[in-house]
Amino acid sequence: MTDLDAKANLLRYLREAREALLGKLDGLSEYDVRRPLVPTGTNLLGLVKHVAVVTAGYFGEVFDRPFPRPLLSLAEGAEPNVDMWAGTDESRDDIIALWREAWAHADATIEALPIDAPGSVRWWGDVPVTLHHILVHMLAELNRHAGHADLVRELIDGQVGWRSPGDNVHEADEAWWAAYRDRLEATARSFA
């Protein structure tokens, strides 16, 4: 990497990851984006909502740049996991609008502050941080949830890929993938 501007690099990677996560909703029904496919209820629209909410908090309150509207899931005493799913009164468009609003607010904070700007994370016990710390934390958070979304999307319709179906994945037909999975299963069973 030749660009030594850490803030610009981190922002570029954040932007790529957030578009990848949002892209996991493409082409799916309202039911499929809300479907809880694992025991903890993880679902695609919930992942997008969660990342939007934490983005609003980390790039808002932490740097005394409050998000322009209240977010119930950030309030003291909020229902557990309320930011991990969309209720019947929240449409996909509502969640995507929140997502875009949160990231616009984050981008404004990132652009306005130097990388060593101080902040404080209330939900970490008022731990002092810098913008650099939060950029790294949010990149890790976002990529963690993008990985969750990759798996949930594959469970829904078999689509895999980093930004869109098929990119960054070995090109092969169903028979090849079935044989590959069988080989992995046989290897795993040898350790059972």
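The values are calculated or read from the model by the stated rules, or taken from the named source; none is laboratory data. This is a predicted model, so every value here is computed, not measured. Positions of Cβ are generated from backbone atoms using ideal geometry, with glycine treated the same way; all protein chains shown enter the neighbour counts. With ligands, DNA and RNA removed, areas are computed over all heavy atoms of the protein, side chains included. Shrake-Rupley method; radii C 1.70, N 1.55, O 1.52, S 1.80 Å.
Each of 128, 104, 139 was placed along the dipole of the chain (beta-carbon charges, centred on the mean Cα), and the one lying farthest toward the positive end is 128.
Could you compute the FRET efficiency for residue 75 and residue 169, with r as their C-beta to C-beta distance and R0 at 35 Å, rounded to 0.05?
On the way: r = 40 Å, r/R0 = 1.15.
Once rounded, the FRET efficiency stands at 0.30.
Other residues within the sphere of radius under 15 Å centred on the Cβ of residue 33, judged by their own Cβ, net out at -3 (K and R +1, D and E -1).
When nucleic acids and ligands are ignored and a 1.4 Å probe is applied, residue 176 ends up with an accessible area of around 100 Å².
Note on residue 12 and residue 176: the model spin-label points, each 7 Å out from Cα along the C-beta direction, lie 3.1 nm apart.
With the full set of protein chains in place, find how many percent of the accessible area of segment 71-192 is carbon and sulfur; take the probe as 1.4 Å. That fraction is 56 percent.
Could you give the dipole magnitude of the chain about its Cα centre, charging the beta-carbon of Lys and Arg +1 and that of Asp and Glu -1, in debye to the nearest 20? Present the calculation step by step, with values, prior to reporting the outcome.
Details: 19 positive and 31 negative charges, 56 e Å.
So the magnitude is around 260 debye.
Rolling a 1.4 Å probe over the protein heavy atoms leaves residue 72 with an accessible area of roughly 150 Å². Projecting the Cα positions of 60, 149, 184 onto the charge dipole of the chain (unit charges on Cβ atoms of Lys, Arg, Asp and Glu, taken about the Cα centre) puts 184 furthest along the positive direction. Comparing mean-square fluctuations of 33, 121, 62 from a GNM of the chain with C-alpha springs under 10 Å, the top value falls on 121. For residue 129, nonlocal amide neighbours, meaning residues 5 or more places apart or on other chains whose placed amide H falls under 5 Å from its own, are 119, 120, 121. Other residues with beta-carbon under 13 Å from the beta-carbon of residue 95 carry, at +1 per Lys or Arg and -1 per Asp or Glu, a net charge of -2.
Ordering 42, 130, 55 by how much accessible area each has at a 1.4 Å probe, largest first, what is the list? Present the calculation step by step, with values, prior to reporting the outcome.
Numbers: 42 25, 130 50, 55 0 Å².
Largest to smallest exposure gives the sequence 130, 42, 55.
Could you work out the local net charge near residue 142, counting Lys and Arg as +1, Asp and Glu as -1, over the other residues with Cβ closer than 12 Å to its Cβ?
Numbers: positive: 15, 18, 144; negative: 16, 19, 141.
My count for the surroundings of residue 142 gives 0.
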